2 protein chains.
Amino acid sequence: MQHLHGGVTIRDVARQAGVSVSTVSRVLNDKDDVAPETAAIVRRVIEEMGYASSIAARSLRSRTTNVVGLIVPDLWHPFTSLVIRGVNQVTSAHGYDLLAYASARRNPYSMADWEVHLVAQLNGTVTDGIIVVTPNAATYRTALPLVAIDPYQATTEYPAVIATNYQGVLEAMAYLVSLGHRRIGFIAGRPDLESAKRRLEGYHAGLAQAGIAFDPALLVTGDYTRTTGAGCAEQLLALDPPPTAIMASSDETAFGVYDAAARRGMRIPQDLSVIGFDNTLESLSVNPPLTTVDQSIEQMGALAAELVLKLIQGQPCESRQYKVATRLVVRQSCRAIDPGS
Amino acid sequence: MQHLHGGVTIRDVARQAGVSVSTVSRVLNDKDDVAPETAAIVRRVIEEMGYASSIAARSLRSRTTNVVGLIVPDLWHPFTSLVIRGVNQVTSAHGYDLLAYASARRNPYSMADWEVHLVAQLNGTVTDGIIVVTPNAATYRTALPLVAIDPYQATTEYPAVIATNYQGVLEAMAYLVSLGHRRIGFIAGRPDLESAKRRLEGYHAGLAQAGIAFDPALLVTGDYTRTTGAGCAEQLLALDPPPTAIMASSDETAFGVYDAAARRGMRIPQDLSVIGFDNTLESLSVNPPLTTVDQSIEQMGALAAELVLKLIQGQPCESRQYKVATRLVVRQSCRAIDPGS
DNA sequence: GCTGGTAACGATACCGGTATCGTTACCGGA
DNA sequence: TCCGGTAACGATACCGGTATCGTTACCAGC
């Protein structure tokens with residue numbers, strides 16, 4: 001309790017053990033320049049005093065922390081959770097600690113480049129490398145190894161891990177067409193998001209591939225959320241005739257479609273087929289289980305972690321874009337229809 | 001790029017702006033001892049150079065970081081996610097950043113006191129306060145304000161936020177009794193967990209309150225997981241006569257009961273009433289929706305955050321234990337029966 | 001003219017560690 | 001005896017910021 005904050009410092013330990021701070025530091029870092037008996041004494045004193053070294057101070061000088069930083073827009077969204085899971089698997093396997101950092105901003109999406117100040121915070125000396133989830137900026141002022149997952153920008157100065165959004169929707173559309181659907185509604189994501197743009201392109205391509213003319217009335221724009229998705233679905237279902245299937249840009253949006261259908265007394269899949277995008281945990285437990293496009297979000301996190309660890313070890317990245325394949329997961333929210341109906 | 005790590009330091013900014021580091025620091029912290037024109041120049045240089053100050057260095061001297069640390073056993077478990085959500089709401093409302101720290105240990109539960117080294121890491125100067133989720137240790141070597149959520153120990157040296165596990169089960173039992181149930185099975189949680197012990201006590205109290213004699217055969221011990229829960233349920237349903245209702249110590253366990261009932265061709269709630277504990281998201285989407293005890297996990301997180309912020313501001317905590325009330329959420333997994341049946 | 005006060009800014013110690021270099025004691029060999 | 005080498009450890013600069021105090025210039029008031 002000699003210092004203001006009450007913590008035990010390396011100097012306290014040194015004094016107590018009757019050695020210099022240098023020696024204590026050597027013991028802490030398992031250097032070999034210290035006699036076994038001395039090391040034993042120091043270790044005992046450390047134990048007795050409950051000393052723990054501060055990463056902040058250590059890293060300031062030694063520039064290595066064994067910690068990987070993960071910057072996320074929020075910490076509870078299903079997408080984020082899955083990313084974290086994948087990242088953590090890899091980092092922990094390599095003995096790195098994981099530190100997830102979320103903004104104090106109330107709504108992460110309210111401001112462009114919300115993440116730049118977080119990168120800046122971690123920039124100094126807290127982490128050895130950074131992974132950013134859904135970043136806005138195309139470049140950062142940092143010398144730390146940095147990898148992005150699902151960036152908004154199409155081209156970035158840092159390596160990025162992205163899903164094959166285009167192919168994912170394309171595959172889903174082909175599936176709907178194979179079931180006989182011709183009037184397929186699409187609820188897009190926020191147009192400023194790269195992933196949303198790619199998914200929309202997949203929709204157009206899917207129509208073209210099936211020889212179906214694009215009907216502007218069947219395209220509404222949401223923002224990946226459930227409530228907006230419900231509103232968009234209302235709009236689509238009010239058409240005459242309504243679409244027989246709706247391709248949603250995200251699972252959350254698809255749940256909104258469920259809500260809207262329920263309000264209109266429509267049954268899924270009897271009266272309406274629905275496909276989502278993300279394969280979140282919830283998509284399995286809704287009723288009926290949602291057919292959706294799996295992004296292997298967890299795998300994206302794992303890949304990003306491997307990349308950042310490679311960069312930390314000084315190895316270069318061959319590519320600037322790493323694509324993780326999507327996969328259509330067929331459950332029970334779609335059914336085949338007669339072309340005539 | 002003059003330094004090894006390539007980052008721009010406050011000295012680079014000072015040199016570029018033609019002022020001293022002191023002045024730059026003053027501008028950074030909005031001190032009033034600086035001329036507006038000078039401040040403008042400094043700010044412009046900061047912008048141009050993309051300078052960002054390092055928390056590590058700052059906090060080393062100023063002992064305040066505006067960051068609250070959250071130490072969790074994992075980052076993806078639903079319980080953790082909800083806690084984080086509650087914590088984040090409060091911290092962000094007060095302008096604090098949130099930093100979630102997970103262990104590199106593969107299985108957090110494999111070692112006792114997994115969290116002590118994480119507390120030690122954050123101890124020094126990285127955060128202003130710490131919240132620990134489901135900690136083992138009853139005390140920590142840290143001078144930082146520390147609050148725990150759902151600790152394993154019954155009594156701790158730090159303030160703890162806990163749910164009213166006892167009352168929660170008691171209320172659920174009263175509900176089952178009111179529906180006419182007399183043979184009520186109970187699947188306990190891991191006996192070393194404080195929360196599991198309290199829930200078991202609630203079961204006994206519930207029986208006593210209804211004047212029902214305790215039957216040891218109706219009590220089996222699980223571990224909060226789904227598969228074990230299923231095994232326990234098999235055991236209970238093999239009894240003659242089987243219980244008409246099962247009180248599960250967690251939602252996961254309750255899902256296990258669903259599984260076991262399905263295997264035996266029993267319908268819920270027609271043939272068996274089930275109550276869970278946790279009110280996870282999944283409990284809403286299973287079929288039938290699960291009647292369960294809500295822990296308001298999110299509210300626990302929020303309360304813990306408020307406490308830690310109070311401590312950071314130097315205000316004392318009146319109590320050592322803060323209880324968050326549980327609440328029975330009645331859905332469709334229970335039905336009334338004739339006492340005779 | 002001299003003093004006192006204040007606005008604006010600079011110089012420097014310091015936070016808690018680590019890296020680097022220096023110092024001491026002790027040993028073997030010529 | 002003297003020298004060189006090495007094991008063990010100490011002294012100190014330094015990381016990038018902030019806190020504290022000192023300095024300068026300028027102006028009002030006597």
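The values are calculated or read from the model by the stated rules, or taken from the named source; none is laboratory data. Predicted, not measured: the structure shown is a model, and the values here were computed from it. Glycine gets a Cβ as well: all are built from the backbone with ideal geometry, and neighbour counts include every protein chain shown. Just the protein is used for accessible areas: all its heavy atoms, side chains included, with ligands, DNA and RNA removed. Shrake-Rupley method; radii C 1.70, N 1.55, O 1.52, S 1.80 Å.
Laid out as a table, the results:
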read-out	value
First in region B:319-332 and open to solvent by 80 Å² or more (accessible area, probe 1.4 Å), second anywhere and among the acidic types (Asp, Glu), Cβ under 9 Å, 6 or more apart	B:320/B:157; B:327/B:171; B:327/B:294
Residues located in region B:312-341, provided they are under 22 Å from residue B:69 (Cβ atoms) and in contact with a Gly (Cβ under 6 Å, 6 or more places away or on another chain)	B:312
Test: residue in region B:184-200 that is touching a residue at least 12 places away in the same chain (Cβ under 8 Å) and more than 26 Å from the chain's Cα centre (by Cα)	yes
Tabulated pairs, region B:52-76, first farther than 20 Å from residue B:94 by Cβ and within 16 Å of DNA strand C (Cβ to nearest atom), second in a loop (DSSP other than H, G, I, E, B) and of a type in the set (Val, Ile, Thr), C-beta under 8 angstrom, 6+ apart or interchain	B:54/A:125; B:54/A:126; B:56/A:125; B:56/A:126; B:56/B:125; B:56/B:126; B:57/A:125; B:60/B:125
Which numbered condition residue A:38 misses (of (1) modelled with pLDDT of 90 or more; (2) among the polar types (S, T, N, Q); (3) closer than 26 Å to residue A:311 by Cβ)	(3)
Criterion: within 16 Å of DNA strand D (Cβ to nearest atom), assigned by TED's automatic domain parsing to the domain that holds residue A:311 and at pLDDT 75 or above - qualifying residue of A:127, A:80, A:91	A:127
Options B:58, B:26: the member that is more than 9 Å from chain A (Cβ to nearest Cβ) and of a type outside the set (Ser, Thr, Tyr)	B:26
Hits in region A:203-228 - residues which are within 20 Å of residue A:257 (Cα to Cα) and touching a Phe, Trp or Tyr at 6+ places or on another chain (Cβ under 6 Å)	A:203, A:219, A:226
Helices (runs of 4 or more DSSP H) (entirely within region B:1-79) containing at least 2 residues that are in contact with a strand residue (DSSP E or B) (Cβ under 9 Å, 6 or more places away or on another chain) and crowded, with 17+ Cβ neighbours inside 10 Å	B:55-62
Complete set of residues in region B:209-258 that are charged (D, E, K, R) and surrounded by 16 or more Cβ atoms within 10 Å (Cβ to Cβ)	B:223, B:226, B:234, B:251, B:252
Selection within region B:299-313 - open to solvent by 60 Å² or more (accessible area, probe 1.4 Å) and modelled with pLDDT under 95	B:299, B:313
Yes/no for residue B:152 being open to solvent by 30 Å² or more (accessible area, probe 1.4 Å), over 18 Å from the mean Cα position of the chain (by Cα) and touching a residue at least 40 places away in the same chain (Cβ under 8 Å)	no
Some residue of region A:31-44 being under 42 Å from the mean Cα position of the chain (by Cα), more than 9 Å from DNA strand D (Cβ to nearest atom) and within 12 Å of chain B (Cβ to nearest Cβ)	no
Residue A:283 vs. criteria within 22 Å of the chain's Cα centre (by Cα) and not assigned by TED's automatic domain parsing to the domain that holds residue A:81	yes
Of all residues in region A:137-149 being open to solvent by 20 Å² or more (accessible area, probe 1.4 Å) and of a type outside the set (Lys, Arg), the one that is nearest to residue A:316 (Cα to Cα)	A:145
